[in-house]
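Visitor: Quick one: the structure is below, questions incoming.
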Amino acid sequence: MNELGITWKKVLSHVVFLNQNFIRNKNILGNCSCMEAYQRAAGGAPGISILKPLVGADPNLQDNLENFNIAYPNLFFLSLQYELLICVHEEKDPAVKIVEPLMERYPHVDARLFLGGNNMKIGGNPKLNNLLPGYQAAKYDFVLISDSGIRTGKDDLSEMVSKMKPNVGMVHGLPFVTERKGFAAILDKVYFGGAHARMYITMNVVGIICVSGMSNLIRKSILDDAGGLQEFAKYISEDYYMGIACARSGYVTRLSSFPALQNAGCPSLSSFRKRMVRFGNITTISTSLPLLYMLYPPVDWTYQCKKSTWENSPKKVDDGPCSYRAVHDHREPMTECFVLGLFVSWAISYLTSWDPIVCFMVHVIQWFILDYLQLKALQREPLNFSKVDYTLAWMYRECLTPFFFLEGLFSRTVRWRTGTFKLHWGGYLEEVR
């Protein structure tokens, strides 16, 4: 057990160095001509249906929409057929007053507005309920699902398309955040540039399915073969199961060179806590064996490779053309600095004569520095906060994360956008009236 704890610590310590090398290589790809890269790979540009689910009017919503290559179409879009399908939750949604003027301002954009939400209810997932009418009207096989809070750069979409080679079913962006002011904004950046990115990149580098639904480019045919959005609407983590659907269809997933930049207008400590609790809730409820997932490393799972079948019972196999690895949680809380540090310090003090307090302090300092280096590697521009701000935000998250996890572990309800939902084992959800 002691050797296992020390080995796990060494693995996670080297993960950051692996991620930094990966990030540098991805940035090199991001600097090339994305359109030329796609033309070399596939010989032309495909059509894309862009799905944008909106609920409410965030202060940065107009900026996010205008930067979605609407106001500034580059040469890539001159040779690309695309459509923008905006879906609102209800007819009187405040977002409508922002979207309609933009559609009038940019008439050259093939944009349409749809009413989804409870009017098109197909399951418990409110996001997919919202997207259904736009999805049904989509003309192209390439579908980009982009959350309302995502701010897209001029080269992001073209780079994602360049990675959609014949064997690729989905390209997804690493969740990150834009430059915003305030301690809550710093906290978001420290988390998504540190702990979250650490495991997200690692899982994708080693070939384990780990997908976030903030910005995903996927083949519509894959979703249709799996049963359409109706099949995924019964889960709270539809993004994860879309990644599974890609693997079942014989495709692979790829990580975009550019991160999915979250640009919500009102970050707060309260919203951060709710988000972390919801993440903890989802990662434990979406597997029927959460304690086993916390204690043991990932395993290879194979699902029945029948496009019309969506069983929840994985079958472990050694090999085969349809085998793939999937993970839904991040081995919480054993990947967290303080929890792992306690185990490692105890293990080292048991095996040697070293002081456990000194071991714990060395571990924390090393973790603190590696997280900062990874954040700097992810950041395209200089950070807009000081090292003191980073220290405070890092300590705040590390100290409170175990409590957030425990709160989510013992809760079966989540507050998500339009309502309150009850979660069931396997990731199913139902709305609580």
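Visitor: Sort 242, 361 from largest to smallest accessible area, using a 1.4 Å probe on the heavy atoms of the protein chains.
Guide: 361, 242
Visitor: Right, something else. For 84, 342, write out the residues from largest to smallest accessible area, computed with a 1.4 angstrom probe and no ligands counted. Walk me through the intermediate numbers first.
Guide: Numbers: 84 10, 342 110 Å².
If we order 84, 342 from most to least accessible, we get 342, 84.
Visitor: For region 362-433 and region 154-187, write down the distance between their C-alpha centroids in whole Å.
Guide: Cα centroid of region 362-433 versus Cα centroid of region 154-187: 19 Å apart.
Visitor: OK, next. Which parts of region 153-182 would a label at residue 141 reach, counting a residue when its backbone N lies under 12 Å from a point 7 Å out along Cα-to-Cβ?
Guide: Correct set: 165-169.
Visitor: Let me ask something additional. Might you work out the accessible area of residue 93 for me, using a 1.4 Å probe with all protein chains in place, and round it to the nearest 10 Å²?
Guide: Taking all protein chains as shown, residue 93 has close to 10 Å².
Visitor: Could you compute the FRET efficiency for residue 410 and residue 432, with r as their C-beta to C-beta distance and R0 at 25 Å, rounded to 0.05?
Guide: 0.90
Visitor: Mind ranking 425, 416 by accessible surface for me, highest first, 1.4 Å probe?
Guide: 425, 416
Visitor: So, one more: Using every Cα-Cα pair within region 123-224, state what percent have a distance larger than 24 Å.
Guide: Every Cα pair in region 123-224 considered, those over 24 Å come to 32 percent.
Visitor: Not counting ligands, DNA or RNA, and with a 1.4 Å probe, what is residue 132's accessible surface area in Å² rounded to the nearest 10?
Guide: Counting only protein heavy atoms, the figure is 10 Å².
Visitor: Per-residue accessible area for residue 424 at 1.4 Å probe radius, Å² rounded to 10?
Guide: 70 Å²
Visitor: Kindly state, to the nearest 0.05, the FRET efficiency for residue 424 paired with residue 273, given R0 = 25 Å and r defined as their beta-carbon distance.
Guide: For R0 = 25 Å, the calculated efficiency reads 0.60.
Visitor: Using the reciprocal of the averaged 1/r over all distinct C-alpha pairs, how large is the Kirkwood radius of region 326-415 in Å?
Guide: Numbers: mean 1/r = 0.0654 Å⁻¹.
Hydrodynamic radius (Kirkwood, Cα pairs) of region 326-415 is 15.3 Å.
Visitor: Right, here's the next one. How far apart, in nm, are the 7 Å Cα→Cβ label points at residue 205 and residue 112?
Guide: It works out to 4.3 nm between the two label points.
Visitor: Cross-link list 52/154; 97/139; 97/220; 92/422; 92/220; 220/422: which exceed 21 angstrom alpha carbon to alpha carbon?
Guide: Among 52/154; 97/139; 97/220; 92/422; 92/220; 220/422, the Cα-Cα distance tops 21 Å for 97/139; 97/220; 92/422; 92/220; 220/422.
Visitor: With label points built 7 Å along Cα→Cβ from the Cα atoms of residue 365 and residue 104, find their separation and express it in nm.
Guide: Roughly 6.3 nm, to one decimal.
Visitor: At 7 Å along Cα-to-Cβ for each site, give me the label-to-label distance between residue 81 and residue 66 in nm.
Guide: It works out to 3.1 nm between the two label points.
The values are calculated or read from the model by the stated rules, or taken from the named source; none is laboratory data. Everything numeric in this text was worked out from a predicted model, so none of it was measured. Methodologically, a virtual Cβ is constructed for each residue, glycine included, from the backbone with ideal geometry; neighbour enumeration extends over all protein chains shown. The area values use the complete protein model at the heavy-atom level, side chains included, leaving out ligands, DNA and RNA. Shrake-Rupley method; radii C 1.70, N 1.55, O 1.52, S 1.80 Å.
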